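Colleague: Here you go, one structure.
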Amino acid sequence: MEPTLFQSFFLIFTGAAIVASLALYTRQPLLVAYILLGMLLGPFGFAFITNVEVISEISRVGIIFLLFLLGLDMQPKALFAVLKQATHIGLISSAIFAGAGYAVGWLFGFSHLENLIIGMAMMFSSTIIGIKLLPTTVLHHKHTGDLMVGLLLLQDFLAIICLMVLLSGDLGRVDLPTLGKTFAALPLVALAAWAFVKWILLRLIQTFDRFHEYIFLVAIGWCMGLAELCEYLGLSAEIGAFIAGITLATSPISQYIAISLKPLRDFFLIIFFFAIGARFDLSLLPEVAFAALVMAAIVLALKPVTYRLLLRHHSEQNRLSWDIGFRLGQISEFSLLIAFVALNAGLIGARASTLIEATAIITFLVSSYIVIFNYPNPIAVSDKLRRD
């Protein structure tokens, strides 16, 4: 019998509290605990929760809030400066990672189209893990945070392009008119959002700023409203949420909104990592286990080295280059979404999809361990490295 939504939440959060306690006692990262809990309770484990699609849809709200808060922390002028600095590094590194993914897929006998999509999935690093493990002080005040955010945002734009290409035709053919309209809509949406914030939203906030509940409600409504508009226009809800955040970034109330929404973001991100574990089909694992280990090893080794070389060429310090390389040394939640879209469109088989998912989980786990035990982060097991 399928549990109700309340019962599902009980299993997720009570289970997460238990495994989180065990993880902290044994000095393990919490992200690992949430993913393993999903594997145990999901349809391919003990099957306590079988309707993973509903859980996954709910968890997407966490990503939307994460992008909204990321926008709130970025000043528009700083954003353009960072994107200008990071563009060529992001494009070159993405091409290298895509080629490596294609080569590994070819080595293990996948089809040409599957290899292209595997390569596509290898291009990106996790926005959630990258930002979640980055101390707030670094994000706000250090060059490391600026450069990482620029690279992740550029990758998010590339990921959205890839998703639009996959969704533009039954066999992956690119619908250029639709694609062109979508990209033309981006600056128009950003301009309209800026005007709405300047002439309407900020005036409402200034008039009723003594009502904290109202500020909280307006912030969520603005985030969700622009996210839904961008989803309707084909830009993705995540891009809409980021635009919503960055248009409010210059407001004096932006940091109050950010602090108010962080607990809500964390609530949904726990569900997100649970859903990653719950969606993983353990029955197909033996077929792709060796390929996934090879792919994960290549990702974990290639990404830090590539970023180190590109950033050093860009005159960045050696320590900073390795720091960013290891923080971005995994594939992305967008990779999981690409695998899901491609599988539903019949562009790849279940084996290729499972390969991408297994590689994502392995790289999520290992890269999290590397950062947590070696670099400053908010959930480090060492007091010396813990930075909130």
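The values are calculated or read from the model by the stated rules, or taken from the named source; none is laboratory data. Everything quoted here is computed from the prediction, not taken from an experiment. We place every Cβ from the backbone using ideal geometry, glycine too, and count neighbours over all the protein chains shown.
Colleague: Within the bounds of segment 334-345, is there any residue that is in a loop (DSSP other than H, G, I, E, B) and farther than 20 Å from M123 by Cβ?
Modeller: So in segment 334-345, the residues in a loop (DSSP other than H, G, I, E, B) come out as 345.
Of the ones still in play, those that are also farther than 20 Å from M123 by Cβ are none.
Checked against the condition, which is being in a loop (DSSP other than H, G, I, E, B) and farther than 20 Å from M123 by Cβ, segment 334-345 yields no hits at all.
Colleague: Continuing with the same structure: Pick out the one residue from F280, F274, F268 that is touching a Phe, Trp or Tyr at 6+ places or on another chain (Cβ under 7 Å), in a loop (DSSP other than H, G, I, E, B) and farther than 28 Å from Q85 by Cα. Quick ask: steps written out before the conclusion?
Modeller: Values: F274 fails: in a loop (DSSP other than H, G, I, E, B); F268 fails: in a loop (DSSP other than H, G, I, E, B).
Answer to the selection: F280.
Colleague: Counting only residues that are aliphatic (A, V, I, L, M), at negative phi and at pLDDT 90 or above, give me the helices (runs of 4 or more DSSP H) lying completely in segment 1-113 with at least 1 of them.
Modeller: Numbers: elements: 5-25, 30-41, 52-72, 76-107.
Counting at least 1 such residues, we get 5-25, 30-41, 76-107.
Colleague: Go through (1) under 21 Å from L31 (Cα atoms); (2) part of a helix (DSSP H, G or I) one by one and return the number of the condition P286 breaks.
Modeller: Of (1) under 21 Å from L31 (Cα atoms); (2) part of a helix (DSSP H, G or I), only one is false for P286: (1).
Colleague: Restricting attention to segment 345-375, and to residues there that are over 17 Å from L284 (Cα atoms) and either of a type in the set (A, V, I, L, M) or at pLDDT below 80 (or both), which single residue is nearest to the chain's Cα centre (by Cα)?
Modeller: Narrowing segment 345-375 to residues over 17 Å from L284 (Cα atoms): 345-347, 363-375.
Subsequent filtering for residues that are either of a type in the set (A, V, I, L, M) or at pLDDT below 80 (or both) retains 345, 347, 365-366, 370-372.
Values: A345: 22, L347: 23, L365: 14, V366: 16, I370: 18, V371: 17, I372: 18 Å.
Applying the filter and picking the extreme gives L365.
Colleague: Filtering segment 122-180 down to residues that are hydroxyl-bearing (S, T, Y) and surrounded by fewer than 19 Cβ atoms within 10 Å (Cβ to Cβ), which residue is modelled with the lowest pLDDT?
Modeller: S168
Colleague: With the condition kept exactly as written, say whether any residue in segment 315-336 is closer than 22 Å to I348 by Cβ, at pLDDT 90 or above and buried (at least 18 other Cβ atoms within 10 Å of the Cβ).
Modeller: Here is the first cut: in segment 315-336, the residues closer than 22 Å to I348 by Cβ are 330-336.
Add one more test, that the residue is at pLDDT 90 or above, and what stays is 330-331.
Checking the rest, the ones that are also buried (at least 18 other Cβ atoms within 10 Å of the Cβ) come to 330-331.
Within segment 315-336 (the criterion being closer than 22 Å to I348 by Cβ, at pLDDT 90 or above and buried (at least 18 other Cβ atoms within 10 Å of the Cβ)), the answer is yes, since at least one residue qualifies.
Colleague: Would you mention how many residues in segment 230-239 are within 14 Å of L153 (Cβ to Cβ) and at pLDDT 85 or above?
Modeller: Number of matching residues: 0.
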